[in-house]
Amino acid sequence: APSETARLPLGGGYRAARLLGGTVVVVTDTTAASFAVGAAVVPVDEVTLPYGAAFVHATPTLFAVSSWGDGLSTPITLVDVSDPAGDLVLRGTVSVPGWVGDEQKLDLHAGVLRVVTHDPNDGALSRCRTYSVADPDAPTLLGSLDLARGEQLFATRFDGDRAYVVTFE
């Protein structure tokens, strides 16, 4: 029988949450917060996201947090969640051209941030960009691939070393 053990109000709108060992990390549209989960739920840390949050891709050590962007570019901030005690650290940010349409268009795999964007200001161009996050304080562009111009971007899925992207004219 479920029962409520704690109620901790968070400011902003909910975006994502992950249980990482004995810590829950919750991302709202303005912050990332961590809570120790045990006999009681205890706040541990909170960081303000410099560009806010629209979508999140989470791994056990790093969150990629995409903002809404301004239509021309979208900042993606890395948040280090690797501390077992729940301390959170803001790391580097990359700004990708265009906008990120949903959480499926972000992926962290094998030390690489992969992002699929749609850029209505560049002839409705969809593209895939990859960034090394080996140093999460200074992500570096590895490559960029133009996928389709003048088409709508629909679905994206990442699987291992592959990305599957669906566009339609």
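The protection proxy used here, the mean number of other Cβ atoms lying within 10 Å of each residue, ranks peptides 28-34, 154-160 as follows, highest first: 28-34, 154-160.
Residue by residue, segment 39-45 carries 3J(HN,Hα) couplings of 4, 9, 9, 10, x, 10, 8 Hz when phi is fed to the Karplus relation 6.51 cos²θ - 1.76 cosθ + 1.60 (θ = phi - 60°); x denotes Gly or Pro. Dipole magnitude for segment 40-143: about 360 debye, using +1 per Lys or Arg Cβ and -1 per Asp or Glu Cβ, origin at the Cα centre. Mean sequence separation of contacting Cα pairs (under 8 Å, at least six apart), scaled by the length of the chain, corresponds to a relative contact order of 13 percent. Look at (1) 1.01; (2) 0.92; (3) 1.08: the one that is Rg/Rh (Cα atoms, Kirkwood Rh) derived from this structure is (1). Centre-to-centre separation between the Cα atoms of segment 30-75 and those of segment 76-146: 14 Å.
Does segment 1-91 come out rounded, prolate or oblate by the C-alpha gyration tensor, with a ≥ b ≥ c the root eigenvalues, rounded set by a/c under 1.5 and, if not, prolate when a/b is larger than b/c and oblate if not? Here segment 1-91 falls in the prolate category. Counting pairs of alpha carbon atoms under 8 Å apart in space and at least six apart in sequence, what relative contact order in percent does segment 1-47 give? The value is 27 percent. The stretch between Ser3 and Asn121 holds 37.5 nm of extra length on full extension. This uses 0.36 nm per residue minus the Cα-Cα distance. Since only Gly52, Ala155, Ala17 are under comparison, the one whose Cα sits farthest along the positive direction of the charge dipole of the chain, derived from C-beta charges on Lys, Arg, Asp and Glu, is Ala155.
Placing +1 on each Lys and Arg Cβ and -1 on each Asp and Glu Cβ, with no other charges, gives segment 97-169 a dipole about its Cα centre of roughly 100 debye.
Computed from the coordinates by the stated procedures, all read-outs in this text should not be read as laboratory data. As the structure is a computational prediction, the values presented were derived from the model and not from experiment. Note that each Cβ is placed from the backbone with ideal geometry, even for glycine, and that neighbours are counted across all protein chains shown.
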